[in-house]
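Some notes on the structure that comes next.
The values are calculated or read from the model by the stated rules, or taken from the named source; none is laboratory data. Here the structure is a predicted model, which is why all the values come from computation and not from measurement. Quick reminder, even Gly has a Cβ in these numbers, built from the backbone with ideal geometry, and neighbours come from all protein chains shown.
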Amino acid sequence: MVAESALPAAVRRERIVAIVEEQGFARVTDLSDRFGISEVTTRADLDALAKAFVVQRIHGGAIATSHPSTLEQPFEQTSLTAADQKRSIGIAAASLVLSGQAIVLDVGTTTAAIATALIARADLHDVVVITNALNIAIALEPAIPRFTVIVTGGTLRPLQHSLVDPLAGAVIEHIHADIAFVGCSGVDVRAGITNINLPEADVKRRMLAAAARSIVVADATKLGIAHHSRVAPVSDVDALITSSDADPRAVEQLERAGLAVTLAP
């Protein structure tokens, strides 16, 4: 079991947010004792979270914002939203993969649709898939030995069946993939690619950096949306695959910012 004092900053800050939102208020001294860190580090955590509008700083601590950040829904629930659109995105993304390539598949319902589409492609062989999603790894099992499936390892987040730091990022930093397919909670011209939780955002950032080609997959409901955990500016991403019902104005803004956008039929 990882001691609270040894937690990566992103995981610690997510837990701080949960405490603040559950109690409505948290003191610097109490958080410092709880996580075994200095009050200086605690204040830095709270300042960073306040800057991201996740909590509100007050003298001696922080209080919950009027818009809680814990909006994350279980994988099984979000998989029912825009299911047809995600299926189309999955097929479009899978069509880009060639035999012999190594790809990164991020956690999420849209990337899970990519896994399903990859399995359906009987022409593919010798594909290496690196993922931090336990459910995606299990879904790809029938494709072995055509596919080699590598799971990053790390700390399990139950809502998304995802593996995060410690360990997940360390593994990703030692690989080089042809394509990284990364999901997100929001795509916005100004805010960039964002996510609803901090630990996964950090892993996504490493995934984008580990591939020769970085592709974000997001259905139309996520365009123009910004969450507090920034993954990357749109300029750091090669392409976006979204659904055909995307708002044309949002697509135009992203394209004007230099992002190649594909509308999945």
* **Scan of the range 96-137 for residues that are over 15 Å from S214 (Cα atoms), of a type in the set (G, A, S) and either in contact (Cβ under 8 Å) with a residue 12 or more places away in the chain or in contact with a helix residue (DSSP H, G or I) (Cβ under 7 Å, 6 or more places away or on another chain) (or both), ordered by number** => S99, G100, G108, A112, A113, A115, A117, A120, A133, A137
* Kindly indicate whether any position in the range 164-174 is under 12 Å from the mean Cα position of the chain (by Cα), buried (at least 20 other Cβ atoms within 10 Å of the Cβ) and hydrophobic (A, V, I, L, M, F, W, C). => yes
* Asked: Any residue in the range 39-61 that is over 18 Å from L198 (Cα atoms), at pLDDT 80 or above and touching a strand residue (DSSP E or B) at 6+ places or on another chain (Cβ under 7 Å)?
  -> yes
* Structure fact -> Over the range 63-93, the set of residues modelled with pLDDT of 90 or more and either under 18 Å from L198 (Cβ atoms) or under 19 Å from the mean Cα position of the chain (by Cα) (or both) is Q85, K86, R87, I89, G90, A93
* Asked: Just checking, how many residues over the range 184-216 are in contact with an Asp or Glu (Cβ under 8 Å, 6 or more places away or on another chain), part of a strand (DSSP E or B) and polar (S, T, N, Q)?
  -> 2
* To do: Could you check, for the range 29-38, whether at least one of its residues is more than 23 Å from V203 (Cβ to Cβ), polar (S, T, N, Q) and assigned to a helix (DSSP H, G or I)?
  => yes
* To do: Determine whether A257 is of a type outside the set (V, I, T), over 23 Å from A112 (Cβ atoms) and either more than 18 Å from the chain's Cα centre (by Cα) or not assigned by TED's automatic domain parsing to the domain that holds E14 (or both).
  => yes
* Asked: Is there any pair linking a residue in the range 177-196 that is at positive phi to one that is crowded, with 24+ Cβ neighbours inside 10 Å, with Cβ under 9 Å and at least six apart or on different chains, and which?
  -> G192/V231; G192/V237
* Name the residue, out of R249, R230, that is assigned by TED's automatic domain parsing to the domain that holds A112 and not in a strand (DSSP E or B). => R249
* To do: Would you mind telling me which numbered condition in (1) modelled with pLDDT of 95 or more; (2) of a type in the set (A, V, I, L, M, F, W, C); (3) crowded, with 17+ Cβ neighbours inside 10 Å A122 fails?
  => (3)
* Could you list, in sequence order, all residues of the range 207-254 that are basic (K, R) and within 15 Å of the chain's Cα centre (by Cα)? => K222, R230
